[in-house]
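Everything on this sheet refers to the single structure shown next.
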Amino acid sequence: MPLYAEIIPETGARELRVVDRTAERRLHALWLRERAPDPQTLDPRTGQRLIEAAALPLDLAIASLDYDATHLHIGFSDGHATTFPVAELLPAPREPRTLWDATLTAIPEVTFEEAVADDTALLTMLEDLERLGVAKVRGVPLEDDGMLPLVARLGPLRRTNWGGVADVKSVADAFDLTMTQRGLEPHTDNPYRDPIPGYIWLHCLSNADSGGDSTLADGFQAAERLRESDPAAFDILTRTPTHFRYVDDDTHLESEGPLIELDARGDIFRVRFSNRTERTPALEPATLERYYAARQQFFSLITAPEMTLTPKLAPGEMLIMDNYRLLHGRTAFTLTQGVRHLRQGYVDRDTTASRRLTLKRQSLPPHFQERAS
Ligand SMILES: [Fe+2]
């Protein structure tokens, strides 16, 4: 169907319907008025709003409509008139997200040198990370802070009470189980922080000769399977607030949130799972009983071999993991000689997404760049 638009009379002319080949949308007069793409309403340079949207008359209506294949000309009952490009009024397709399990044959790879030097390679890496929640980098310098030149391409490294890039290796006086030779069950990192670290960068300097494999599971896949197999259990995990806590001599970190967090559309936005630091509040026993049963089902999914990848990092390799989506762990290991030495850093979500979106915009032809802004 070619473009079609109409004022809907039964809404008192306070809604507009726009239809094209791929989408249909009903739009409120106030929404259209406050986003009017003209220099009286939006600052042309920043795109930020100049008028006070909250002060617009609540009974604002659409007084006139005219359109062609690419633009809609709209007059409002407050006397303002504006012109919208059609593309701004129809919903943009969501970025594709690929859920995976153990049948995923390979984690996408990029070389460190390419990702540091070449915007196209960096964009590919960031899009793979967005789509799958994980990407692998080869050829990272075998130095303590070898990852930093690539971190600098995205934004600042997130500093925590453990510093910047931190050691993950077994030591005698471990203050965290990460620093033992014990296997680590699948978890998301640091749900006791606010904000929770967005991405984990795990860089291998040396690995154990036996064991020490990484384990990775797609938490969004596990959550979707739970939603399908037991909607009530899924619902409980989205609504029960769970507490997480980390305390040492000079640190006290606490936060709370559900194990499966949804966005306003009902899509999965984030998973949390950290057996070591979870402190479930003393809810009503009947509520807890349902919560524990649901948590056990989720745990079965995230630990199932058919859901789990077991890559073993070699020296100079690095995994970048979406900490809102992936559960990671490791198998136990034994050191007959040398050390298993990994380095880990955190990078925030907003700066990572910003680099991906700006690189994507810059890769488009000029007239699309304007539309994407
Ligand atoms: Fe971890």
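Details
- Length released on extending from ALA304 to THR280, taking residue separation times 0.36 nm less the Cα-Cα span: 6.3 nm
- Estimated [θ] at 222 nm from DSSP helical runs (n ≥ 4, -39500 (n - 2.57)) normalised by residues in the chain, nearest 500: -7000 deg cm²/dmol
- Three-way shape label, segment 122-227, alpha-carbon gyration tensor, a/c 1.5: rounded
- Under 5 Å between amide hydrogens, built in the peptide plane, is the criterion, and for TYR67 it picks out HIS73 among residues at least 5 positions away or on other chains.
- Net length available on complete extension from VAL19 to THR105 is 26.9 nm, with 0.36 nm assigned per residue and the Cα-Cα distance removed.
- Euclidean distance between Cα centres, segment 139-161 to segment 78-108, Å: 30
- Taking every DSSP beta bridge that has both ends in the chain, the antiparallel portion is near 95%.
- Proxy reagent accessibility, fewest Cβ within 10 Å first, across ARG270, ARG94: ARG94, ARG270
- Translational D in µm²/s for segment 165-268 (Stokes-Einstein at 10 °C, 1.306 mPa s, Kirkwood Rh from C-alpha pairs): 97
- Using Cβ point charges alone (K and R +1, D and E -1), the dipole size of the chain about the Cα centre works out to roughly 220 debye.
- Amide H contacts of ARG158 (H built 1.01 Å from N, in plane; Pro and chain starts excluded): TYR346, VAL347, ASP348 sit under 5 Å, all sequence-distant by 5 or more or on other chains.
- The phi torsions of segment 110-122, fed into the Karplus equation with coefficients 6.51, -1.76 and 1.60 and a -60° offset, translate into couplings of 9, 8, 4, 4, 5, 5, 6, 9, 10, 4, 5, 5, 5 Hz, rounded to whole numbers, with Gly and Pro shown as x.
- Extension gain, THR358 back to ASP43 (0.36 nm per residue minus Cα-Cα distance, nm): 111.4 nm
- Note on GLN296 and SER229: their simple-model spin labels are 1.4 nm apart, each label 7 Å out from Cα toward Cβ.
- Three-way shape call for segment 4-93 based on the alpha-carbon gyration tensor, with the a/c threshold at 1.5: oblate
- When you restrict to C-alpha pairs under 8 Å that are six or more residues apart and normalise by the size of segment 4-93, the relative contact order lands at 24 percent.
- Least to most buried among VAL151, VAL19 (fewest other Cβ within 10 Å first): VAL19, VAL151
- Positive-pole candidate from THR352, SER229, VAL271, dipole of segment 109-358, charges at beta carbon: SER229
- Evaluating 6.51 cos²θ - 1.76 cosθ + 1.60 at θ = phi - 60° for every residue in segment 302-310, the Karplus couplings come out as 6, 9, 5, x, 6, 9, 10, 8, 10 Hz, glycine and proline recorded as x.
- For LEU326, the residues whose modelled amide H falls within less than 5 Å of its own, excluding neighbours fewer than 5 places apart on the same chain, are GLY219.
- Charging the Cβ of each Asp and Glu at -1 and of each Lys and Arg at +1, and nothing else, the dipole of segment 4-93 about its Cα centre rounds to 220 debye.
- Proximal lysines to LYS169, defined as alpha-carbon separation beneath 27 angstrom and excluding residues fewer than eight positions away on the same chain: LYS136, LYS312
- Arranged from fewest to most other beta-carbon atoms within 10 Å of their beta carbon, VAL134, VAL168, VAL339, VAL247 become VAL247, VAL339, VAL168, VAL134.
- Gyration tensor verdict on the chain (Cα atoms; rounded if a/c is under 1.5, prolate if a/b is larger than b/c, oblate otherwise): prolate
- Between the exposed loop cleavage positions of the chain, defined as GluC sites (Glu not before Pro) in a non-H, G, I, E, B DSSP state with at most 16 neighbouring beta-carbon atoms within 10 angstrom, the longest gap is 144-373.
- For segment 241-251, 3J(HN,Hα) per residue [Karplus equation, 6.51 cos²θ - 1.76 cosθ + 1.60, θ = phi - 60°, Hz, x = Gly/Pro]: x, 10, 9, 10, 8, 10, 9, 9, 4, 10, 9
- Placing unit charges on the Cβ atoms of the charged side chains and taking the dipole of the chain about its Cα centre, the candidate lying farthest along the positive direction among THR280, TRP31, ASN161 is THR280.
- Relative contact order (percent, whole number), the chain, Cα cutoff 8 Å, 6+ residue spacing: 21
Read-outs throughout are calculated quantities, based only on the coordinates presented, and are distinct from any laboratory measurement. Keep in mind it's a predicted model, so treat the numbers as computed, not measured. With ideal geometry, Cβ positions are generated from the backbone for all residues, glycine too; neighbour counts draw on all protein chains shown.
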